[in-house]
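Some notes on the structure that comes next.
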Amino acid sequence: MIDLFMPFRSLLKLGNVCTDNNIFRMHYKLTVIILLVFTLLVSTKQFFGEPIHCMSDSDKDHDKEAMNSYCWIYGTYTLKSSLAGIEGKHIAYRGVGPDKGIQAEQIKHTYYQWVCFVLLGQAAMFYTPRYLWKIWEGGRLKALASELDSPMVPKDWSECKRAELVSYLTYTNLYTHNMYALRYAFCEILNLVNVVGQIFLLDLFLGGAFRNYGAAVAAFTHIPKVPNNFLDYELVNPMDQYFPKLTKCWFRSYGPSGSMQHKDRLCVLPLNIVNEKIFVFLWFWLIFLALLSALAVLFRILVISMPPLRTVMIMGQLRFVKRRVISRIVRHFSFGDWFILYLLGKNMNPLIYKDLIIEVSKELEKRPNNMV
């Protein structure tokens, strides 16, 4: 079983060059891994096990396999009127009871054969912003910070590499990184739009059951169990309501004489034991991730609009560097230039980065104001 999850190890590895932040990685690494693991769990049971088992009157029922396939393909249903009550007293099981043929009383369940495909599609959508940013970034940061992340300061740093980086940041590519930074900000916004959209997508997929699912499960779990028949009659476990393990299914066929035969069967859905837990976890996780993503977008807006905040962020990467040295750089650099400099700080030896900051500040100080 562990071998099935071995291919996901590559997603957990951090690249040699960091071009994003932890919240961004929670989208394309952690969330994608979670969704792929869920997809594997569901598809293993769905395609290599028995996802549905419909009961028959006898072991000699020749339509047993056909009925299982029919009810799996076309869906099953539960009855609204049979959701409330005491099991074993008022009802046999939640959602199961005498069917009067009223369509409005039936809650259709046709989602379960699509769960693995929806989860796989979600994983692809969560990776899309990362894919776009990887294309737009184009390996620029890797080329700039090549071999500068080692704890040992390389010999050629003070000879040529430092001069090249200073020239790149202050002459040849000054004011050319705004589009680079704005594309990253766009990908952060895309992360937020995606995770919020996934919440509404799952709600649409489950027929409106997802929006309050996690809160309803949490509330039901923490309600104290008191010996009150009235309360027991009214309370319904949301997991049993939205992911029933026992449902009903009609199967129609022709008898030996050509007359229509109606078979009303109870169907066990063992796969919903997994589905109910998956969607509870996704409810809490997506809301948590949406909040973090909203904070990340808000923080990006503040960084773009507040240069003093950029100074504080650079100071957080360094030690024993005066504020005025960094303020000079922030004052002369555009947001895009500052962004590339900040990313360099995440991928360079702190000693080399400190030296780079000081040299860039000195170079900007030499130049007349009309040249920067």
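The values are calculated or read from the model by the stated rules, or taken from the named source; none is laboratory data. Worth saying up front: this structure is predicted, and the values here are computed from it rather than measured. When we count neighbours, we look across all protein chains shown, and the Cβ atoms used for this are built from the backbone with ideal geometry, even at glycine.
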Residues in segment 171-202 that are more than 15 Å from the chain's Cα centre (by Cα) and not small (Gly, Ala, Ser): how many?
14
Name the single residue that is farthest from Lys346 (Cα to Cα) among those in segment 301-335 being hydroxyl-bearing (Ser, Thr, Tyr) and not in a loop (DSSP other than H, G, I, E, B).
Ser305
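Would you confirm, using the coordinates I've provided, whether Asn275 is within 28 Å of Pro151 (Cβ to Cβ) and in contact (Cβ under 8 Å) with a residue 40 or more places away in the chain?
Details: within 28 Å of Pro151 (Cβ to Cβ): no; in contact (Cβ under 8 Å) with a residue 40 or more places away in the chain: yes.
So Asn275 fails the test.
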Which pairs do you get when a residue that is modelled with pLDDT of 95 or more, found in segment 169-198, comes within reach of a residue that is in a helix (DSSP H, G or I) and of a type in the set (Val, Ile, Thr), reach meaning Cβ atoms under 7 angstrom, with the pair 6+ apart or on two chains?
Tyr180/Ile340; Glu188/Val297; Ile189/Val297; Leu192/Val297
Give me the pairs: first residue in segment 110-139 and farther than 17 Å from Met26 by Cα, second residue at pLDDT 95 or above and in a helix (DSSP H, G or I), beta-carbon distance under 7 Å, and six or more apart or on different chains, which are they?
Trp136/Arg183
I'd like to verify a number: residues in segment 319-354 that are more than 20 Å from His177 (Cβ to Cβ) and surrounded by fewer than 17 Cβ atoms within 10 Å (Cβ to Cβ), how many?
8
Go through (1) at pLDDT 85 or above; (2) within 23 Å of Gly97 (Cα to Cα) and name the single condition Leu40 misses.
(2)
Quickly run through segment 121-143 and pick out the residues that are under 22 Å from the mean Cα position of the chain (by Cα) and of a type in the set (Lys, Arg).
Arg130, Lys134
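Does Phe230 satisfy being part of a helix (DSSP H, G or I), out of contact with any helix residue (DSSP H, G or I) (no Cβ under 8 Å at 6 or more places or on another chain) and modelled with pLDDT of 95 or more? Talk me through it step by step, then tell me what you get.
Values: part of a helix (DSSP H, G or I): yes; out of contact with any helix residue (DSSP H, G or I) (no Cβ under 8 Å at 6 or more places or on another chain): yes; modelled with pLDDT of 95 or more: no.
No; evaluated as a whole, the condition is false for this residue.
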Is there a residue being touching a Phe, Trp or Tyr at 6+ places or on another chain (Cβ under 9 Å), within 30 Å of Leu271 (Cα to Cα) and either part of a helix (DSSP H, G or I) or among the hydroxyl-bearing types (Ser, Thr, Tyr) (or both) anywhere in segment 82-102?
yes
